[in-house]
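Only one structure is covered here, and it is reproduced in the block below.
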């Protein structure tokens, strides 16, 4: 990997750590620079501002999250297995990246609007993959009665709600331990055909 890319990665890792540990204080760029082993000027030259640095940290994390989810749902299996794989991928990602969860949900501050826009952009990019998966499982009567967008949105609501509660309460449990419960809740509440 070229030296410039390595330096950029060090800065982004340091920024994630500093932003989530200290909140966004006045001297955080100095601390990030020190931890990344670069000068403050390098950070400003590379990212332009503190907010742009924060946005870039979020962008990279969101892209990786959605990439993992799309990869997870690319496997074969019935609708339940595919949904379970997506839920495990998302919750496992945040188990591995709790600082990013905190940053996205609590520390974004002034950058919340651009971060939300980035999330929606990444989400839109992942939709064709999700649509292909749901279309492959259209045999279920329940799936036939709901548009793909609604099916994906409800799944994201479940994941995001669990994540938000986990971050707010500072729970130490692993999110992925709840993957089966969320998956079954989704399958029973959304995918299971109504009893006649």
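What follows is calculated from the coordinates using simple rules that are stated; it is not laboratory data. Because the structure is a prediction, the values reported are computed rather than measured. Using ideal geometry, Cβ is built from the backbone for each residue, glycine included, and neighbour counts are taken over all protein chains shown.
Okay, here's what the table says:
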{"read-out": "Where only alpha carbons of segment 2-104 are counted, the Rg and the Dmax (Å)", "value": "16.4, 53"}
{"read-out": "Computed P(r) (all Cα pairs; the chain; 10 Å bins; percent)", "value": "8, 32, 30, 19, 8, 2, 0"}
{"read-out": "Degrees, to the nearest 10: 3-22 long Cα axis against longest axis of the chain", "value": "80"}
{"read-out": "Rounded to 10°, Cα long-axis angle of helix 148-169 versus longest principal axis of the chain", "value": "50"}
{"read-out": "Cα Rg, Dmax, segment 1-48, angstrom units", "value": "10.2, 32"}
{"read-out": "Estimated [θ] at 222 nm from DSSP helical runs (n ≥ 4, -39500 (n - 2.57)) normalised by residues in the chain, nearest 500", "value": "-23500 deg cm²/dmol"}
{"read-out": "Net lengthening on full extension, residue 184/residue 10 (0.36 nm per residue, minus Cα-Cα)", "value": "58.7 nm"}
{"read-out": "Burial order of peptide ranges 28-37, 171-180 (average beta-carbon count within 10 Å, highest first)", "value": "28-37, 171-180"}
{"read-out": "Angle in degrees between helix 112-136 and the longest Cα principal axis of the chain, rounded to the nearest 10", "value": "30"}
